[in-house]
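Enquirer: Here it is, the structure, as structure tokens.
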Amino acid sequence: MKTNLLPAIRLTAATLVLFCVVYPAIVWAIAQLAPNQGKGEVIASNGKRYYANVGQQFTEDKYFNSRPSAVDYNAAGSAGSNKGASNPEYLQTVKARLDTFLVHNPGVKEADVPVELVTASGSGLDPDISPAGARVQSARIARVRGISEKTVASLVEQHTQGPLLGLFGPSHVNVLKLNLALDQLR
């Protein structure tokens, strides 16, 4: 027993030090080299500070809607809904979100609404939507703000970011940055 117990205790102590001290210290040191020392991208606008890496809630029709959040956009409680696609309560929530979206975006067909506009992300804090998710809202934004759809489409295009290194992930639009750019059009 002694021959097995002592190596197991040493291995446990070594992995505790490695994964609880060394690894976090390395990650922290690398984060210090990143812009804003790994604290996320902070944007200041009209005397307010926003984190561009965390989803924000926009409820007014003059703004692009973010992806819904299962945690009401509370960064302290990042989580998904944990309800499966066949859960009746979840389906009811998605249907209610879809109906609300269609009321605020007349002329948009149900089939044209991208799924990310009615379903929450795994973290509940996704700051991005797809370019299609932004384009489907463009007519409403143009109508409410009294600007041309071409201007809104151009703004969406300017704020569309391609895949990482041109390979990894889909194109996306940061909703906060897009809405702040809309406010600057005044």
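Enquirer: Quote the FRET efficiency, to the nearest 0.05, computed for ALA153 versus LYS39 with a Förster distance R0 of 41 Å and r equal to the Cβ-Cβ distance. Intermediate values should be presented prior to the final figure.
Expert: Numbers: r = 33 Å, r/R0 = 0.82.
The computed FRET efficiency comes out at 0.75.
Enquirer: Name the lysines eligible as straight-distance cross-link partners of LYS109: C-alpha to C-alpha under 25 Å, and not fewer than 8 places from it in the same chain.
Expert: LYS62, LYS95, LYS150
Enquirer: Relative contact order for segment 1-101: what is it in percent, counting Cα pairs under 8 Å that are at least 6 residues apart?
Expert: Relative contact order of segment 1-101: 10 percent.
Enquirer: How would you rank 130-141, 174-185, 31-42, highest first, on the average number of other Cβ atoms within 10 Å across their residues?
Expert: Details: 130-141: 20.7, 174-185: 18.3, 31-42: 11.4.
Ranked from most to least packed, the peptides come out as 130-141, 174-185, 31-42.
Enquirer: Turning to a different aspect of this structure: Once you place label points 7 Å from the Cα toward the Cβ at GLN161 and LYS48, how far apart are they in nm?
Expert: Modelled inter-label distance: 2.1 nm.
Enquirer: Expressed in nm to one decimal, what extension gain is obtained for the pair GLN184 and GLU60 from 0.36 nm per residue of sequence separation less their Cα-Cα distance?
Expert: 43.0 nm
Enquirer: Compute the FRET efficiency between LEU91 and SER171 as 1/(1 + (r/R0)^6), taking r as their Cβ-Cβ distance and R0 = 25 Å, and round to the nearest 0.05. Numbers along the way, then the final one.
Expert: Values: r = 29 Å, r/R0 = 1.14.
The value I calculate is 0.30.
Enquirer: While we're on this one: Using only the alpha-carbon atoms of the chain, report the extent along each of the three principal axes, biggest first, to the nearest angstrom.
Expert: 78, 43, 34
Enquirer: Nearest 10 degrees is fine. How inclined is helix 175-184 to the longest principal axis of the chain, computing both from alpha carbons?
Expert: Taking Cα atoms only, the helix is inclined about 40 degrees.
Enquirer: Once you place label points 7 Å from the Cα toward the Cβ at ASP99 and GLN32, how far apart are they in nm?
Expert: Between ASP99 and GLN32, the simple spin-label model gives 5.5 nm.
Enquirer: So between ASN4 and ALA139, what do we pick up on full extension, going 0.36 nm a residue minus the alpha carbon distance?
Expert: 41.6 nm
Enquirer: What's the angle, to the nearest 10 degrees (0 to 90), between helix 88-104's Cα axis and the longest principal axis of the chain?
Expert: Helix 88-104 sits roughly 40 degrees off the main axis of the chain.
Enquirer: So, how do all the Cα-to-Cα distances of segment 102-145 break down into 5 Å bins, in percent, from 0 on up?
Expert: Whole-percent P(r) values from 0 Å outward: 5, 20, 29, 23, 15, 6, 1.
Read the figures in this text as sums done on the coordinates, not as results from a lab. If you're wondering where the values come from, they're calculated on a predicted model, not measured in any experiment. Virtual Cβ from ideal backbone geometry, glycine too; neighbours counted across all protein chains shown.
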